[in-house]
Amino acid sequence: MRHPANVAVRLVDYRPADFLIDAVALDISLDRTATKVVATLSLRRNPKGVSGAPLSLDGDDLTLIGVKLDGRALDPREYAAAPDRLLLETVPDAPFTLEIETRVNPTANTQLSGLYRSGSAYCTQCEAEGFRRITYFLDRPDVLSVYTTRIEADKAEAPILLSNGNPGETGDLPDGRHYAVWRDPFPKPSYLFALVGGDLGVVRDDFTTMSGREIALAIFVEHGKEARAAYAMDALKRSMRWDEEKFGREYDLDVFNIVAVSDFNMGAMENKGLNIFNDKYVLASPETATDADYAGIEGVIAHEYFHNWTGNRITCRDWFQLCLKEGLTVFRDQEFSADMRSRSVERISDVRGLRLAQFPEDGGPLAHPVRPEIYHEINNFYTATVYEKGAEIVRMLRTLIGEETFRRGMDLYFERFDGAAATVEDFLACFAEVSGRDLSHFALWYSQAGTPVLSMAGAYDANAKSFALTLRQETLPTPGQSEKKPVVIPIAFALFGENGEKLDLASPDARPDELVRGLIELTDAERKITFTNVPSRPVVSALRGFSAPVRLEPAPASADLERLLACDDDPFNRWQAAQSLALRAIFARVDAAKNGAPLPPAPGFVGALRGILASADSDPAFAAQALSLPSEIDLAREAGRDVDPDVLFAARIGLRDEIGRALGADAEAVYARLADAGPYTPDAASAGRRALKAVALDLVAAGDPAKGSALAQSQFAAAGNMSDRLGALGLLAFLGGDAREAAFDDFYERFKGDALVLDKWFSLQATIPEPETTERVVKLMSHPDFSLANPNRVRALVGAFSNANLTRFHALDGSGYDLLTRIVLELDRKNPQLAARLLSALRSWRTLEPRRRALVEERLRHIVDQEGLSPDTKDIATRALS
Ligand code: B3K
Ligand code: ZN
């Protein structure tokens, strides 16, 4: 495979394109190995570009057949063609048309970027730079064109032909071929182009918009899977209604199509009017999908739909502005899920996700600003920082200016930039205008990388009845940014008195609106606020609802956390108190183990959990989250340095067992109450009860493994839905023995042939925390159902092993690292995007203890030294080593 030159792209170098392409007519004749693409581009010079500039079009791996300018076939001496570029030194100053014919081989396309085949279907993925793998183009997001697409194919092979926009003429052709025309009236950048051809089943429905327009909805899936698309269709209709109600956004085309394919590099893609999805985020049935899968489908369907306004109608000027569409759209899908489900449970799981993926990224060698200033490979910047931290910035903005003003800012943004390619500055300017606030300091969140650390020190003066609180912030250096400035941190805030009562806030040091709203703004490195009329030493509840993406360090004293857990009316901070107590108890065990001291019991924490279990029925989903211990990944992150996964694992399991011994009987009663929940429904309330049931079963097993195993075996055998079955299998996998192997065999027999379910079978085996697992994973790689060509399968096995099985992946003999290295290098030749993504599992290597650190460094250097490494993998490995 050829690789384009590995050049750095910089934000400061942005220049408008020298040409604009007002219209594109594509004529694509599908063929398995030689698809013919004729692109007719209506070009004109951009008044903002360099006058007299040559026309230089992007390509990638293209074979040129011929070029015509205004209908005249050009002599090859009139242009320079390479697989990655088409250069015309002289073109007219007046508008002209260029007709370019290329050939592409979709079967040979293992990168899954551009036009490729998934199963027997043809499909495309163009973001970020895949369109140039179909035809030569100005493949950049600020070139917006109106597209007409004619697709031709063998009618038996591809009876369904889809592209962006509204359907036009169709018809039969000689030799068993047929064609379909699609017209998209909305100007769009090339990354939003899509095409699908194949023999697919379909589920149809319709939606009446707020102005009374009828939209034809369709979801295309593999034949026989139609029934499994019902939930996705329901989620789509709810998303369309929600965007009307919450943001005043109406759908614009006459049709909205979704296609589910099984080979896809990421979750889904928001192509205008034709979303293409990883089938994992479309297909669900009670027997095959867990509650988490249903929630994932709802969230991703919403996310891609919401892009129609935030991303498609208003797009990004350049790829540095990626967060403009991604962070904003994640914010919107999180709000949708919060409205559809439980707001506090959604917030907790969003923050868990942020801490799991974004915090380690922001604290390691791959750290970058939400709006990066340089990249070598843009596909490596579809990161947790751009998406999740990007969403947190939008949330902070709303918190600071208030919900109603935020909505006016969004309205202004939609009005002002509809049909345009915008920047982060354009976005912020709308909110500055409607709020009258200067947002220039706030904008630092977009350009400064690293997670700020917030600390609080309080002093109570019993005589003066005052409470002095000092707030400080600090951000540690990140690659390329050694000096950090203080950022604007909105701290949602409350004080609780001795009896758990919320105190009225009074202080001469805070603005009246800060006191009324309970929202303190920390803009400097330090701020001191003395609260008056405080009757007794208060407990501080800060960062309520996780009002800013910062780390609060150290966590409050344990006695204060126990009080917050009991009295805080902010559910997020109640959950946070339980997590902080758990972390403290686990790290106390870690320290004791290091010093050879007796393991300290945690009676206060266990007592608090007993209380949560006792009142679990009132909010099962919340109780399930509060009763779940921080994961090993959480522990590694919180430890921060000299991480030894074996020690963390032992301490965590030790605490789990202590809790199980103390609360096993209580947990068993909860489990028994929830055991028979009746027929499966995917709603949040039922899902919450199932989550609590799973946590209760784990506690029973912690206290009495034999009893836990017996209960898990019967739950596994009798399960009427995948959540219960997989929950039981997960526990059996952990407990081990014959029951485990029997359950895995049974599961395989039941679900063989069902790829999405088999992914779960592969994943669970990869995460067994036992020495034999590495060998098991190696064996599974030769299983007939394993294939490096399917990204879901690779992620299920290798991704799960390297991201979720910390003790095995970080085994001291280096076997886990060797396994990943081997797969990354093998995959790099086929699918560099996926290889690079897998390699990111090593991003926190510098926080490991020295022996493991040395092992990883050796592997990273070995990878960087490979001949012919893709720019994707090289970029990750190089930055990881920096
Ligand atoms: N915009 C796509 C992601 C494209 C990734 C390209 N490497 C999906 C999404 O965020 O909605
Ligand atoms: Zn997105």
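Here are a few things to note about the model shown:
- Residue tally, condition of a type in the set (A, V, I, L, M) and either buried (at least 21 other Cβ atoms within 10 Å of the Cβ) or under 20 Å from Leu62 (Cβ atoms) (or both), over the range 144-178: 5
- Residue selected from the range 602-620 under the condition open to solvent by less than 20 Å² (accessible area, probe 1.4 Å) and not β-branched (Val, Ile, Thr), by the criterion farthest from Ala566 (Cα to Cα): Ala602
- Condition check for Gly296: under 28 Å from Ala639 (Cβ atoms) and more than 11 Å from ligand 2 (Cβ to nearest atom): no
- Flag set for Glu99, criterion: farther than 30 Å from Lys830 by Cβ and either in contact with a Gly (Cβ under 9 Å, 6 or more places away or on another chain) or in contact (Cβ under 8 Å) with a residue 60 or more places away in the chain (or both).
- Pairs, first assigned by TED's automatic domain parsing to the domain that holds Ser435 in the range 384-396, second aromatic (Phe, Trp, Tyr) and away from ligand 1 (no atom under 11 Å from the Cβ), C-beta under 7 Å, six or more apart: Ala391/Phe331; Ile393/Trp445; Ile393/Tyr446; Val394/Phe331; Arg395/Phe331
- Counted as qualifying within the range 770-863 are the helices (runs of 4 or more DSSP H) with 1 or more residues that are open to solvent by 50 Å² or more (accessible area, probe 1.4 Å), namely 773-780, 800-804, 815-828, 832-839.
- Cross-chain or 6+ apart pairs with Cβ under 6 Å, the range 304-324 first and more than 25 Å from Pro369 (Cβ to Cβ), then within 11 Å of ligand 1 (Cβ to nearest atom): Glu304/Ala268; Glu304/Glu270; Glu304/Asn275
- The selection criterion, being at pLDDT 95 or above and assigned to a helix (DSSP H, G or I), does not hold for His368.
- Test: residue in the range 275-285 that is within 11 Å of ligand 2 (Cβ to nearest atom) and touching a Leu at 6+ places or on another chain (Cβ under 8 Å): no
- Count of residues meeting criterion [part of a strand (DSSP E or B) and buried (at least 18 other Cβ atoms within 10 Å of the Cβ)] in the range 66-87: 4
- Hits in the range 534-571 - residues which are out of contact with any strand residue (DSSP E or B) (no Cβ under 8 Å at 6 or more places or on another chain) and open to solvent by 50 Å² or more (accessible area, probe 1.4 Å): Pro535, Ala557, Ala559, Glu562, Ala566
- Scanning the range 272-304 for residues that are away from ligand 1 (no atom under 11 Å from the Cβ) and acidic (Asp, Glu) yields Asp279, Glu287, Asp291, Asp293, Glu298.
- Boolean, Asp504 is assigned by TED's automatic domain parsing to the domain that holds Glu404 and at pLDDT 95 or above: no
- If you filter the range 305-332 down to residues that are among the aromatic types (Phe, Trp, Tyr) and away from ligand 1 (no atom under 11 Å from the Cβ), you find that the one that is farthest from Ala691 (Cα to Cα) is Phe320.
- For the range 512-528, a residue qualifies if it is charged (D, E, K, R) and more than 18 Å from Ser466 (Cβ to Cβ), and the qualifying residues are Asp513, Arg517, Glu521, Asp524, Glu526.
- Any hit, the range 25-38, residues being in contact with an Asp or Glu (Cβ under 8 Å, 6 or more places away or on another chain), among the charged types (D, E, K, R) and either touching a residue at least 60 places away in the same chain (Cβ under 8 Å) or not in a strand (DSSP E or B) (or both): yes
- Checked against (1) under 30 Å from Arg843 (Cβ atoms); (2) open to solvent by 20 Å² or more (accessible area, probe 1.4 Å); (3) part of a helix (DSSP H, G or I); (4) at pLDDT 95 or above, Ala626 passes all but a single condition, namely (2).
- Verdict on Ile21 being open to solvent by less than 60 Å² (accessible area, probe 1.4 Å) and either in a loop (DSSP other than H, G, I, E, B) or within 18 Å of Ile134 (Cβ to Cβ) (or both): yes
- Failed item, numbered, when Ala420 is tested on (1) open to solvent by 20 Å² or more (accessible area, probe 1.4 Å); (2) more than 16 Å from ligand 2 (Cβ to nearest atom); (3) within 29 Å of Ile876 (Cβ to Cβ): (3)
- Qualifying residue in the range 343-364 (condition: within 14 Å of ligand 2 (Cβ to nearest atom), farther than 18 Å from Arg551 by Cβ and modelled with pLDDT of 95 or more): no
For every residue, the table says whether it meets (1) of a type in the set (Asp, Glu); (2) within 16 Å of ligand 2 (Cβ to nearest atom); (3) in a strand (DSSP E or B).
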| residue | (1), (2), (3) |
| --- | --- |
| Gly49 | no, no, no |
| Ala53 | no, no, no |
| Asp61 | yes, no, no |
| Leu64 | no, no, yes |
| Thr107 | no, no, no |
| Arg117 | no, no, yes |
| Glu127 | yes, yes, no |
| Val146 | no, no, yes |
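- Pairs meeting the criteria (first residue in the range 128-143 and open to solvent by 20 Å² or more (accessible area, probe 1.4 Å), second residue of a type in the set (Asp, Glu), beta carbons under 6 Å, at least 6 apart or on different chains) are Glu129/Asp139; Arg132/Asp58; Arg132/Asp60; Arg132/Asp139; Arg133/Asp60; Arg133/Asp61.
The values are calculated or read from the model by the stated rules, or taken from the named source; none is laboratory data. What you see is a predicted model; the values in this text were computed from it and never measured. Cβ sites come from the backbone with ideal geometry, for glycine too, and all protein chains shown count toward neighbours. For the accessible areas, the whole protein counts, side chains as well, though only heavy atoms, and no ligand, DNA or RNA atoms are used. Shrake-Rupley method; radii C 1.70, N 1.55, O 1.52, S 1.80 Å.
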